[in-house]
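> Have a look at this one.
The values are calculated or read from the model by the stated rules, or taken from the named source; none is laboratory data. Owing to the predicted nature of the structure, the values given are computational and were not obtained by experimental measurement. Here Cβ is always computed from backbone atoms with ideal geometry, including for glycine, and neighbour counts include all displayed protein chains.
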Amino acid sequence: MKKVLVVVDMQNDFIDGALGTSEAQSIVENVVRKIESYAGGSVFATRDTHGENYLETSEGRHLPVPHCIKGTKGWEIRPEIAGALEKVQAQIIDKPTFGSEILAKRLFALTEGNQREMEIELVGLCTDICVVSNALLLKAKMPEAAIKADSACMAGVTPQSHEAALLTMKMCQVEIV
């Protein structure tokens, strides 16, 4: 069984920056421990990445809060998380929107035609936007792979939307641990 960890958008702007929350701050240590538990395995991390024209994009018009602008401190992965990712030689994927097609393609290639031998675990931010988007994208691309999400290593925009996203993932056959 190939095990893969996907760390979604553990960036400063989502933790204590422009869109930060106390719930996001509270999971940082859990995520570091989770990454460390995958030492010797495959770890991927996504990084929400926007340009200076963010407010002119569809997302920017719906969420008019500039965040994760490439090259800014808010775009950077939280230092503790970045250090743990570096130790396990994680592959980092910049993504311009909620879900990453590049991530799905790379993980699909790792299955070598046998999805049943792949276990993918997701952690990160925000449960109700980017985590759920990536979980469903991965499930659509690899319906036979075991896809999990660790609720102790995720936080949503609000506690209520976090719970709603967990339920959505569960209903779509993503195992919540």
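> Out of the stretch 103-128, which residues are hydrophobic (A, V, I, L, M, F, W, C), part of a helix (DSSP H, G or I), surrounded by 14 or more Cβ atoms within 10 Å (Cβ to Cβ) and over 13 Å from the mean Cα position of the chain (by Cα)?
Leu107, Phe108, Leu110
> Scan Glu76, Glu163, Glu112 and give me the residue that is closer than 20 Å to Thr21 by Cα and free of Cβ contacts under 8 Å to residues at least 12 places away in the same chain.
Glu163
> Quick one: Gly40 ticks every box in (1) modelled with pLDDT under 95; (2) part of a helix (DSSP H, G or I); (3) not hydrophobic (A, V, I, L, M, F, W, C) except a single one, so which number is it?
(2)
> Is it fair to say Ala140 is aliphatic (A, V, I, L, M), in contact with a helix residue (DSSP H, G or I) (Cβ under 6 Å, 6 or more places away or on another chain), under 19 Å from Glu175 (Cβ atoms) and outside any loop (DSSP other than H, G, I, E, B)?
Spelling it out, it is not the case that Ala140 is aliphatic (A, V, I, L, M), in contact with a helix residue (DSSP H, G or I) (Cβ under 6 Å, 6 or more places away or on another chain), under 19 Å from Glu175 (Cβ atoms) and outside any loop (DSSP other than H, G, I, E, B).
> If you take the residues of the stretch 143-177 that are part of a helix (DSSP H, G or I) and either under 15 Å from Gln115 (Cα atoms) or of a type outside the set (A, V, I, L, M) (or both), which of them is nearest to the chain's Cα centre (by Cα)?
It comes out as His162.
> If Cys126 meets every condition in (1) in contact (Cβ under 8 Å) with a residue 40 or more places away in the chain; (2) in contact with a Phe, Trp or Tyr (Cβ under 6 Å, 6 or more places away or on another chain) apart from one, which number is that one?
Cys126 satisfies every listed condition except (2).
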